[in-house]
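Step one of this worksheet: look at the structure below.
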Amino acid sequence: MSEKRFITDREQLEKLAPMLKAPIKRQVFVCNGKSCSAVGSADVKAEFVRILEEKGLRQGKESKGRNPMGEILLTDCGSIGFCSVGVAVMVHPDGTLYGQVVAEDVPEIIEEHLENGRVVKRLALMELPEPAA
Ligand code: FES
């Protein structure tokens, strides 16, 4: 077994993981656990993909239709415990956990929350406290 090396050179790290150079502001997690999948998480994710890529907000490889300098990371995740009130969507670092999200809610989440920093209260089931200073 080869020994894993720990890379400390920032330039090398950025070459290996180009997202390190992007001005990421938020990461959006869409649950694709069993219960959320049963109530449309694939549609919710597809709507995030469509709009974020149209607006050039989704960070990622240009060859995949994304923006290397995009501000939003879009990520799948497993269950977060909202299984009976999915689809669950989390926005970090804001600590906002949305529930009962359907594809039709996605434009509002993107415009209000991701672009203008205003939490969509009607869908926000939890807002995690900021860490103590
Ligand atoms: S399956 Fe999505 S929160 Fe549990």
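A few comments on the model shown:
- A straight chain from THR75 to PHE6 at 0.36 nm per residue would run longer than the Cα-Cα distance by 22.3 nm.
- Selected from TYR98, LEU125, THR8, residue furthest toward positive end of dipole (the chain; charges at beta carbon): THR8
- Lysines with Cα under 28 Å of LYS55, excluding same-chain neighbours fewer than 8 positions away: LYS15, LYS21, LYS25, LYS45, LYS64, LYS121
- Put a plus charge on the Cβ of each Lys and Arg, a minus charge on the Cβ of each Asp and Glu, and nothing anywhere else: the dipole of the range 4-133 about its Cα centre is then about 540 debye.
- For CYS77, the residues whose amide H sits under 5 Å from its own are VAL30, CYS31, ASN32, ignoring neighbours fewer than 5 places away on the same chain, with H placed 1.01 Å from N.
- Mean Cβ count within 10 Å, highest first, over the residues of peptides 13-19, 113-119, 31-37: 31-37, 113-119, 13-19
- Degrees between helix 41-54 axis and first principal axis of the chain (Cα, 0 to 90, nearest 10): 60
- Under-5 Å amide H pairs with GLY86, H placed in peptide plane, nonlocal only: GLN100
- Cysteines (scope the chain) whose Cβ has no counterpart Cys Cβ under 4.7 Å: CYS77, CYS83
- Built amide H within the under 5 Å cut-off of GLY60, gap 5+: ASN67, MET69, GLY70
- Net length gained if the chain between LYS121 and LYS34 were fully extended (0.36 nm per residue, minus Cα distance): 28.8 nm
- Length-normalised contact order for the chain - Cα pairs under 8 Å, 6+ apart - percent: 25
- Taking Cα centre as origin and charging only the Cβ of basic (Lys, Arg, +1) and acidic (Asp, Glu, -1) residues, the dipole magnitude of the range 1-44 rounds to 100 debye.
- The range 91-112 residues near the modelled GLU130 label - backbone nitrogen below 12 Å, point 7 Å along Cα→Cβ: 94-95
Readers should treat all values here as calculations from the given coordinates under stated rules, not as data from a laboratory. What you are looking at is a predicted structure, and each value in this text was computed from that prediction instead of being measured. FYI the Cβ positions are ideal-geometry reconstructions off the backbone, even for glycines, and counts take in every protein chain you see.
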